[in-house]
Amino acid sequence: MLIDLHTHTTASDGALAPAALVELARREGVGVLGVTDHDTVAGLDEALEAGARLGVEVIPGLELSSHHQRQEVHLLGYFVDHRRPALLEQLTVWRADRVRRLHQMVDRLRRYGIHLDADRIAARGAAASVGRPHVAAALVEAGHVATIEAAFDRFLADGKPAYVPRQRVPVAQAMAVVCAAGGLPVLAHPGTYRNDGMIPELVRDGLAGIEAFHRDHNEAATARYRRIAARYGLARTGGSDFHGLPGGTAHRLGQPSLPQADLDALRARHAAPR
Ligand code: AMP
Ligand code: FE
Ligand code: FE
Ligand code: ZN
């Protein structure tokens, strides 16, 4: 049985609806599935319902976009109570900033003679997260670029002409929001930041785990983060960061899979008094 604790659905920038993702998990032999959409928990009820129906254990989660100093850092939250009003209110505020930024990105593209309909891109329901991948898809659809990758390379990646940053949310604040919702805060894909020095600082602020296993970590990185987790007493998590992108054959659900012992340790940590 595979264990994949990092996946996205149409509630943020995944290609599959929550129930379709759970169905794929069952077909691919994933028995435990963490659903971790960017800045929203809107997909969780559907995923949990599908999981109960299909015999896939769905772990409720989310992935918050936050900052450590000037660097964007993604924070996973596991076992959150996704109905808690304070959590929902905070996420609503953060998603409103995404909509503000969407309009600014569309404004910038206009300078290049590209006219996208921001309201159409944003029409995903108030609980869903809109982001650069949706702008990229609109650019492809309108024929301005051939691929999502090209849309990022030419316009949307950090430093490119239509890039607009989001408001900075300190990672400590994101961790506090996860904890207040009864969840465990976990640093997502630490290998992508090239800044392991942040880890002890985050531990002091309440970090519970790090995502040692991630498709962007090679063997050396995985081994390093397993050691770092042991040194700081952190739980280890892992997953594919599956977005269900068409043609994204390299990103398979359940690859990498989290070892069962690490899942057991994560559960024990969640059950322990904090
Ligand atoms: P946002 O949260 O709106 O800033 O968008 C970030 C998301 O865009 C990430 O979670 C990825 O899913 C996606 N992304 C980032 N860079 C690329 C890229 N170069 N090609 C395709 N997708 C990307
Ligand atoms: Fe994403
Ligand atoms: Fe991420
Ligand atoms: Zn992710």
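Return the only residue of A172, A268 being more than 15 Å from the chain's Cα centre (by Cα), free of Cβ contacts under 8 Å to residues at least 12 places away in the same chain and either assigned to a helix (DSSP H, G or I) or surrounded by fewer than 19 Cβ atoms within 10 Å (Cβ to Cβ) (or both). If you could, list the steps in order and put the result at the bottom.
Numbers: A172 fails: free of Cβ contacts under 8 Å to residues at least 12 places away in the same chain.
Unique residue meeting the criteria: A268.
Residue by residue through the range 238-265, note down the ones that are modelled with pLDDT under 95 and either outside any loop (DSSP other than H, G, I, E, B) or hydroxyl-bearing (S, T, Y) (or both).
Listed by number, the list holds a single entry, T249.
Check whether at least one residue in the range 102-116 is within 24 Å of E63 (Cβ to Cβ), more than 16 Å from ligand 4 (Cβ to nearest atom) and not in a helix (DSSP H, G or I), and report yes or no.
no
Select, from V186, V203, the only residue that is buried (at least 23 other Cβ atoms within 10 Å of the Cβ) and of a type in the set (A, V, I, L, M, F, W, C).
On the way: V203 fails: buried (at least 23 other Cβ atoms within 10 Å of the Cβ).
That would be V186, the only listed residue that is buried (at least 23 other Cβ atoms within 10 Å of the Cβ) and of a type in the set (A, V, I, L, M, F, W, C).
Within the range 141-151, count every residue that is surrounded by fewer than 16 Cβ atoms within 10 Å (Cβ to Cβ), within 11 Å of ligand 1 (Cβ to nearest atom) and part of a helix (DSSP H, G or I).
Counting residues in the range 141-151 that are surrounded by fewer than 16 Cβ atoms within 10 Å (Cβ to Cβ), within 11 Å of ligand 1 (Cβ to nearest atom) and part of a helix (DSSP H, G or I) gives 2.
Are any residues in the range 175-231 touching a strand residue (DSSP E or B) at 6+ places or on another chain (Cβ under 8 Å), under 27 Å from V93 (Cα atoms) and assigned to a loop (DSSP other than H, G, I, E, B), and if so, which ones?
Correct list: A181, G183, A188, H189, Y193, G206, L207, A208.
Any chance the range 209-222 includes a residue that's touching a residue at least 60 places away in the same chain (Cβ under 8 Å), surrounded by 15 or more Cβ atoms within 10 Å (Cβ to Cβ) and farther than 26 Å from R70 by Cα?
Scanning the range 209-222, I find no residue that is touching a residue at least 60 places away in the same chain (Cβ under 8 Å), surrounded by 15 or more Cβ atoms within 10 Å (Cβ to Cβ) and farther than 26 Å from R70 by Cα, so the answer is no.
Please verify whether P190 is closer than 30 Å to A271 by Cα and more than 16 Å from ligand 2 (Cβ to nearest atom), treating the condition exactly as stated.
Yes, satisfied.
Would you confirm whether or not the range 154-168 contains a residue that is free of Cβ contacts under 8 Å to residues at least 24 places away in the same chain, surrounded by 17 or more Cβ atoms within 10 Å (Cβ to Cβ) and in a loop (DSSP other than H, G, I, E, B)?
No, the range 154-168 has no match at all.
Out of T9, T36, report the one residue that is touching a helix residue (DSSP H, G or I) at 6+ places or on another chain (Cβ under 7 Å), crowded, with 23+ Cβ neighbours inside 10 Å and hydroxyl-bearing (S, T, Y).
It is T9.
Which members of the range 74-112 meet the condition of being in contact with a helix residue (DSSP H, G or I) (Cβ under 9 Å, 6 or more places away or on another chain), more than 30 Å from H144 (Cα to Cα) and of a type in the set (V, I, T)?
If the condition is that a residue be in contact with a helix residue (DSSP H, G or I) (Cβ under 9 Å, 6 or more places away or on another chain), more than 30 Å from H144 (Cα to Cα) and of a type in the set (V, I, T), then V80 is the only one that fits.
The values are calculated or read from the model by the stated rules, or taken from the named source; none is laboratory data. None of these values were measured; they are calculated from a predicted model. Positions of Cβ are generated from backbone atoms using ideal geometry, with glycine treated the same way; all protein chains shown enter the neighbour counts.
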